[in-house]
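S.K.: First the structure, then my questions, so here it is.
The values are calculated or read from the model by the stated rules, or taken from the named source; none is laboratory data. If you're wondering where the values come from, they're calculated on a predicted model, not measured in any experiment. Neighbour counts are summed over all protein chains in view; Cβ atoms, including those assigned to glycine, are modelled from backbone coordinates with ideal geometry.
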Amino acid sequence: MSGDIEVDVLVAGAGAAGMTAALVCVLQGLDVLLCEKSSQVGGTTATSAGTIWVPGTKQAREAGFGDDIPEARRYLDSIIGPATDDRREAYLTTGPELVDYLAQNSAVKFSLYAKHPDYLSNRPGTTLAGRALAPLPFDGRLLGADFAKLRAPIGEFMALGGMMIGRDDIEPLARPFASPAAFRALASLLWRHATDRLRYRRGTRLIMGNALIARLLTKVPADRTPSAAYALAELERAPLPPLTGETALAGTHVVPGHATPGARSAGARGARDAFAAPGDPPHEPTARWLPLAVLGGALVIAIAVAVVIGVT
């Protein structure tokens, strides 16, 4: 691929929000260019716990939790204040639909945390469980060469040179001889990691945010995207030009991606829609007070789904 290319949708930022927006557009049959300024995808999501805060999901109902949307609305009102536009309502109403849509059409799947309270548990509408979802673990070996594009988790989430550790792994690691099951779990972890290190720079048993990004990076089955092009692009280090006019992100470097093997330098123009998903600013103290920050862009994702489905 060389010269300018035309796409239906241009997405800037390959974190959870940008990758989800791009994935949904692809599933809707649109040509998508996903741009990322660094050499790896995932942003801060890849280095996080990957928990998303979505009230009223199918997973919650199956676990015995009732209609949680009114209480979740009350909780958000109590910590953020009254909504000034329809974005918060769009998040609450389309969030559960998004989780179901991704589970049915892609490798992005979540499970409910049995016990995971809201961050501010002394506010009206809070709950001790039912709203937090975790991405299912993922086998990084399934990514093939794309595994190298995945940003590694932070060191606190790894041991023994790259073995990811989650909350369910703590017990067998701390008390391996407490029971036969604990010993088997530990032996399985160590054996898997040992064999991984023979071929990879780190373990391929992915959990938390790394698993979420890996699932978003998984190739979409060809029969679900008959005419879509899903490319990963690496931006120059210069500031982004405006995403308007005839040319957007001119001079970007496109690296081999999902549906564009052998891609080379190209510019993108004529995009019908553009999504900016730059991620959370580092060291932002106010982000700790926003429950939406657990996803780092979930609101953008939900609105993206609604917009894309609405225009196709």
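S.K.: Within segment 174-183, which residues are under 18 Å from Leu160 (Cα atoms) and part of a helix (DSSP H, G or I)?
M.R.: Ala174, Phe183
S.K.: Here's a follow-up. For Leu92, only one of the following conditions fails: (1) under 30 Å from Val26 (Cα atoms); (2) free of Cβ contacts under 8 Å to residues at least 12 places away in the same chain. What is its number?
M.R.: Here Leu92 meets the rest and fails (2).
S.K.: Go through segment 192-231 and give me each residue that's at pLDDT below 85 and either aliphatic (A, V, I, L, M) or exposed (fewer than 14 other Cβ atoms within 10 Å of the Cβ) (or both).
M.R.: Val220, Pro221, Ala222, Asp223, Arg224, Pro226, Ser227, Ala228, Ala229, Ala231, listed by residue number.
S.K.: If you don't mind, another one. So which of Leu173, Leu112 is among the hydrophobic types (A, V, I, L, M, F, W, C) and out of contact with any helix residue (DSSP H, G or I) (no Cβ under 6 Å at 6 or more places or on another chain)?
M.R.: Just a single option satisfies the conditions, and that option is Leu173.
S.K.: Residues that are within 29 Å of Arg151 (Cβ to Cβ), among the aliphatic types (A, V, I, L, M) and touching a strand residue (DSSP E or B) at 6+ places or on another chain (Cβ under 8 Å): does segment 56-66 have at least one?
M.R.: no
S.K.: Residue under question is Leu189, and the condition is that it be assigned to a strand (DSSP E or B) and surrounded by 16 or more Cβ atoms within 10 Å (Cβ to Cβ); does it hold?
M.R.: Criteria not met by Leu189.
S.K.: Evaluate segment 64-85: report whether one residue or more is within 23 Å of the chain's Cα centre (by Cα), free of Cβ contacts under 8 Å to residues at least 24 places away in the same chain and in the same structural domain as Ala21 (by TED's automatic domain parsing).
M.R.: The answer is no, given that none of the residues of segment 64-85 is within 23 Å of the chain's Cα centre (by Cα), free of Cβ contacts under 8 Å to residues at least 24 places away in the same chain and in the same structural domain as Ala21 (by TED's automatic domain parsing).
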